[in-house]
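Every number in this text was worked out from the coordinates using simple rules, so none of it is lab data. Please read all numbers here as calculations on a predicted model, not as lab measurements. Here the Cβ positions follow ideal geometry from the backbone for every residue, glycine too, while neighbour counts run over all protein chains shown.
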Amino acid sequence: MKRGLNFFGQQPVKNYTLIVGCGSLGAGIARNLSNQGKDVQILDKNAQSFRRLSGSYGGLSTVADGTDLDALREANIRSATTMLAVTDSDSTNLMIAQMAKELFGVPKVVARVYDTEREAAFRDAGVDTICPAALSAKEADKYLEQ
C-alpha cells in the first residue's frame, strides 16, 4: 500500500494529491510533489501520456477517465486533500472539479482554464484556477513595466 493513503476510512490524508491529466502541466506538478515526498496519483485516459513522467516519479499513475465516478473512487478521491483537473478541456476540468468539490468533498480543488472568460464560472463553483493566458499576460506586464 502506498505510504499515507487511507483506503478504508476515506478520510483526507495529509499531502495526498490526485491529478487528472498527464500533459506537461500535470506531469510537472506530479513530479514536483513526488520529489517533495508527497503522495500523488495521476490519472489520464491515454497510457502514452505517462511517458512525460520522469524515472524519479514515485507516485501512482493510472489509465482512467477522470470524469468517471468509479474511476475517481478507485483513485481514493475521498482521501485527497488536493485535486487538480488539468486536462486539455475547460469543460472537462470544470466537471471534474465540481465532482471533486461537491460529491467527494475534496478540501482544495484547482483546475486549469484556458479561456479567461470562463474563469468566473470556475470561481463561482468554488474552484481555484490556473489560467495560462492570464499568467502569461501578468508576466508580460512585468517586462513591459521595466
Within segment 46-79, residues within 22 Å of Gln98 (Cα to Cα) and basic (Lys, Arg) come out as Arg73, Arg78
Within segment 107-126, residues being assigned to a loop (DSSP other than H, G, I, E, B), free of Cβ contacts under 8 Å to residues at least 40 places away in the same chain and either closer than 22 Å to Arg78 by Cα or not hydroxyl-bearing (Ser, Thr, Tyr) (or both) number 4
Specify which of the listed residues (Ala134, Ala120, Ala125) is of a type outside the set (Lys, Arg) and within 22 Å of Gly28 (Cβ to Cβ).
Ala134
Restricting to segment 64-95, give me the number of residues that are among the charged types (D, E, K, R), within 21 Å of Ala27 (Cβ to Cβ) and in a helix (DSSP H, G or I).
2
Residue within segment 110-132 that is among the hydrophobic types (A, V, I, L, M, F, W, C) and over 17 Å from the mean Cα position of the chain (by Cα) present:
yes
